[in-house]
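So the structure is just underneath, and the comments pick up after that.
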Amino acid sequence: MSDFVIHNDDPYIIYARTKMIGFIKVNYEDLVKTFGEPSKEIGVEWVVKWSDASVVRIFSQHIRMVNWWVHGIDQRCLNKLSDALGNRYQYFSENINNLDLKARYKFLRIPLNSKRK
């Protein structure tokens, strides 16, 4: 049993005090497998609340993305997200705008290999 609930189970999860904490490079299908169907009211998003009340919001403009924005209260939220996804994905805990142009291009343009182990 997981130690988190998502917006589909608790529509009253509040994420207003969250801030940008990083990015995750993962495909849509793996997010659905882990967190269920996303909310599609504004783009595509999952809001996840763990048993310790920490909240993370994963979102993008459309399902074809492999680079998702992550909002949370602090860096521990990225660790919880990593654990939930099985530590198989690439995370950036810094703002992508702070990356040099080559690193930014690499992050945004290289497709994710969905057959990772």
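General remarks:
- Residue in region 26-47 that is surrounded by 14 or more Cβ atoms within 10 Å (Cβ to Cβ), touching a Phe, Trp or Tyr at 6+ places or on another chain (Cβ under 7 Å) and assigned to a helix (DSSP H, G or I) present: yes
- Test: residue in region 2-20 that is exposed (fewer than 12 other Cβ atoms within 10 Å of the Cβ), small (Gly, Ala, Ser), part of a loop (DSSP other than H, G, I, E, B) and touching a residue at least 60 places away in the same chain (Cβ under 8 Å): yes
- So ILE58, is it of a type in the set (A, V, I, L, M), in contact (Cβ under 8 Å) with a residue 60 or more places away in the chain and under 16 Å from ASP83 (Cα atoms): no
- Reported count of residues in region 59-79, each being closer than 9 Å to MET20 by Cα and part of a strand (DSSP E or B), is 4.
- Among the residues of region 3-18, those identified as in contact with a strand residue (DSSP E or B) (Cβ under 6 Å, 6 or more places away or on another chain) and farther than 17 Å from GLY36 by Cα are TYR15, THR18.
- The residues on offer are VAL32, VAL47, and the sole one that is modelled with pLDDT of 80 or more and touching a Pro at 6+ places or on another chain (Cβ under 8 Å) is VAL32.
The values are calculated or read from the model by the stated rules, or taken from the named source; none is laboratory data. Treat the numbers as computed from the prediction; the structure is a model and nothing was measured. All Cβ positions, glycine included, derive from the backbone under ideal geometry; neighbour counts span all protein chains shown.
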